[in-house]
Amino acid sequence: MIEVLGVSKNYGAQKALDNVSLRFPAGRVTILAGPSGSGKSTLLKILNRLVEPDSGRVTIDGVDIRSQVPEELRRSLGWVIQSTGLFPHFTVAENIATVPRLLKWPAPRVDARVAQLVDLVRLPRSFLTKYPHELSGGEAQRVGVARALGADPPVLLMDEPFGSLDPQTRLALQDEFLNLQAQLKKTVILVTHELDEALKLGDFLALLDQGSLLAFDTPERLQGRGGRIETFLGREYELKLLSRHHPLSPTPGNEGPSSRDLLVEMIAGGQPSVLTAAGRTVTFADLIPKAPQ
Amino acid sequence: MKRAPLWLAPVLWLAGFVLLVLYLDSFLATGLFQPRRRLPQLAWEHLQLTLGAFVFGAIPALGLFLLQRRAGPGFLKGFLHRVSIFTETVPTVALLALLIPLAGYGNLPILLALGIYGIFPLYTALDGGFRSIPRQILENASGLGFNPRQRLWKIELPLALPVLWAGVRTTLVNLTAAATLGATVGAGGFGAPIIAGIRSSDPLLILQGALPSAFLALAFDSLSYSRTGPDAPVRARRLRS
Ligand SMILES: Nc1ncnc2c1ncn2[C@@H]1O[C@H](COP(=O)(O)OP(=O)(O)OP(=O)(O)O)[C@@H](O)[C@H]1O
Ligand SMILES: [Mg+2]
């Protein structure tokens, strides 16, 4: 578990983070959301010591991160940022092998790991010898994720990883991310300013505003809080939240159509109920989450 | 599709250069000018002058660059930038004319003068090369766990190399041409037949110096480390160390 305790950071007169404290639960996806300039990236960089805070501290499993050599800390925290981040003079294989090689793994182990990772992010093995400029945005981003997973770090830090992609690729990569996360169960801290993305991917939502932590909770429990939280979440929050509810699947997960999908079908069909492919009739009442999770 | 190896062009130009020197040396009467020296001797002098001046320029350029890198974006940067632009806009001949009275006459002075002439293009190439690397990539390298030294050798240097290399080539070409001016202050090299030719209105004598000098410049210009242009990845460089 990663714990942030009273962290503040100023850039000259510019306040970037103001006394932020929160815990990132292990094995879960926490979204850092907030308007531009609210300090999301700064917080992420404080976690891997790319930025040192003016005050406060960060611990990982109870150990202060300042007790570690920065480079060694960083090799244990997977790092993915927007698609421009691949090394242009490294092949796909070399990019993915970056952290294992920094850790001086023997060559056969590196090669085996690289092969495993391209399979994991579902790229053909023939891509291993390509250079980043030969990849599409979505492919490059998969390589970025594979590179972050290189030495199997328990934590992934992702700064707008799907930021510069077209909507379709973005949705596909989000789905793949969820699949991966279901297998790997990493502690993920993901920055985005897209609420839809936050609700789709996040177990928890941390809202930042002008450097302060506005709220930290599950998306469901952020509903109806009023004030600045509501202003940020917007008027359609309840509707967006329906995309996290799956009335047909017994356990909360991402299987089956969401309440939001079903509502769209009802509106399109002009009926307050819909017949699913499995032959079940879902009524409007079924769409509403029963008890707050 | 198999491309010609990288060393082919420089080797061909160099072979052409050597043949040209030998040919001109046998064809034209040697030593029509004083003191009597044969063309291969002049070629050797010219090469020494050019490469020596390059080294004389490269050392302070590297020093300035390291100083500026350590100091960060301070006043030095703006100042150096302006000086380097100034030296690039002033014609070589004028610059040398200004430097020679300061440096004096003979081989060492011209070496120094040419070296000074080489400092700023080389500094600009270093500075521009490293500055051409996107900040995101540097941050990513650190974020993934490269330490500063690993980042310099494995990320920054290979990515700065295209711009850096272009600057090195241009500087060598310019120094090759500029070195002919050495003859005006008593240094050797291809400048000697050129100056003698001008004095005696002998175009053949001028060609005897000018042609090999041009070939040498072209040989330098053909030096390249990558076969697919400036954006090409550096294939030879591997992360594994
Ligand atoms: N290196 C820096 N030097 C000076 N100010 C900085 C620096 N990095 C960030 N800031 C400032 O700190 C504040 C927070 O920046 P940060 O990058 O953390 O915002 P963000 O929430 O990630 O925004 P965005 O969504 O636009 O990426 C901003 O006001 C920014 O201008
Ligand atoms: Mg940001």
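The values are calculated or read from the model by the stated rules, or taken from the named source; none is laboratory data. Keep in mind that this is a model prediction, so the values were computed, not measured. Glycine gets a Cβ as well: all are built from the backbone with ideal geometry, and neighbour counts include every protein chain shown. All accessible areas refer to the heavy atoms of the entire protein, side chains included, with ligands and DNA or RNA removed. Shrake-Rupley method; radii C 1.70, N 1.55, O 1.52, S 1.80 Å.
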Qualifying positions in region A:197-218 - surrounded by fewer than 16 Cβ atoms within 10 Å (Cβ to Cβ) and either more than 16 Å from ligand 2 (Cβ to nearest atom) or among the hydrophobic types (A, V, I, L, M, F, W, C) (or both): A:D203, A:D217, A:T218
Subset of region A:146-168 that is closer than 15 Å to A:F24 by Cα and away from ligand 2 (no atom under 16 Å from the Cβ) - its residue that is most open to solvent (accessible area, probe 1.4 Å): A:P154
Enumeration of residues in region A:17-38 that are within 16 Å of ligand 2 (Cβ to nearest atom), in contact with a strand residue (DSSP E or B) (Cβ under 9 Å, 6 or more places away or on another chain) and open to solvent by 10 Å² or more (accessible area, probe 1.4 Å): A:P35, A:G37
Scan of region B:135-148 for residues that are modelled with pLDDT of 90 or more and within 7 Å of another protein chain (Cβ to nearest Cβ), ordered by number: B:I137, B:E139, B:N140, B:S142, B:G143, B:L144, B:G145, B:F146, B:N147
Listing of helices (runs of 4 or more DSSP H) fully contained in region A:7-108 that carry 2 or more residues being within 16 Å of ligand 1 (Cβ to nearest atom) and in contact with a Leu (Cβ under 9 Å, 6 or more places away or on another chain): A:40-47
Options A:D119, A:D64: the member that is within 30 Å of A:L5 (Cβ to Cβ) and away from every other protein chain (no Cβ under 13 Å): A:D64
Cross-chain or 6+ apart pairs with Cβ under 9 Å, region A:24-46 first and within 15 Å of A:P219 (Cα to Cα) and within 14 Å of another protein chain (Cβ to nearest Cβ), then open to solvent by less than 10 Å² (accessible area, probe 1.4 Å) and within 8 Å of ligand 1 (Cβ to nearest atom): none
Count of residues meeting criterion [hydrophobic (A, V, I, L, M, F, W, C), under 23 Å from A:I46 (Cα atoms) and buried (at least 23 other Cβ atoms within 10 Å of the Cβ)] in region B:125-154: 3
Unique match (being among the aliphatic types (A, V, I, L, M), within 14 Å of another protein chain (Cβ to nearest Cβ), within 16 Å of ligand 2 (Cβ to nearest atom) and surrounded by fewer than 22 Cβ atoms within 10 Å (Cβ to Cβ)) among A:V80, A:V51, A:V69: A:V51
Per-region count, region A:169-196, residues within 16 Å of ligand 2 (Cβ to nearest atom) and over 22 Å from A:P257 (Cβ atoms): 5
Hits in region A:90-115 (condition: small (G, A, S), open to solvent by less than 50 Å² (accessible area, probe 1.4 Å) and away from chain B (no Cβ under 11 Å)): A:A115
